[in-house]
Amino acid sequence: MLKNYFINNKKKIKKQTGASIQVASEMLPGSTERAVTVSGKLDSIIECFKQVSSIMLEVNVLLLAKARF
């Protein structure tokens, strides 16, 4: 769910922050997580991190709400 939500917002985040975002195609060994590389000017990276963190929180809230019902 997070991957799809993030991919749908990736272009928007890049446009708003100016940061370049790359998501690894393979999961990290022994994990369900993927490495994300963010590059650009420091201000852009910080803003990108804020937006990605916000997306992660939104998805967690959605998953918790879904689990309760």
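On the first, second and third principal axes, largest extent first, how far apart are the outermost C-alpha atoms of the chain in Å?
42, 27, 17
Rounded to the nearest 500, what is the 222 nm mean residue ellipticity of the chain from helices alone, with -39500 (n - 2.57) per DSSP H run of 4+ residues and division by all residues?
-21500 deg cm²/dmol
Can you give me the Cα centroid spacing of the range 3-37 and the range 42-69 in angstrom?
12
A 21 angstrom limit on the alpha carbon distance is what I want to check against. Which of K12/K50; K14/K50; K14/K66; K15/K66 exceed it?
Violating the 21 Å limit, Cα to Cα: K14/K66; K15/K66.
In terms of modelled amide H atoms, which long-range or inter-chain residues lie less than 5 Å from the amide H of R34?
The answer is L28.
Highest mean first, what order results for 10-23, 28-41 on Cβ atoms within 10 Å?
Most protected by this proxy first, the peptides run 10-23, 28-41.
Given a cut-off of under 8 Å on Cα pairs at least six residues apart, what relative contact order in percent is computed for the chain?
Dividing the mean separation by the residue count of the chain yields 31 percent.
Fully extended, how many nm does the chain gain between S54 and E33 (0.36 nm per residue separation, minus their Cα-Cα distance)?
Result: 5.9 nm gained on full extension.
Read-outs: derived from the displayed coordinates by stated rules, not from any lab. Note that the structure is a prediction, hence the values are computed from the model and not measured. FYI the Cβ positions are ideal-geometry reconstructions off the backbone, even for glycines, and counts take in every protein chain you see.
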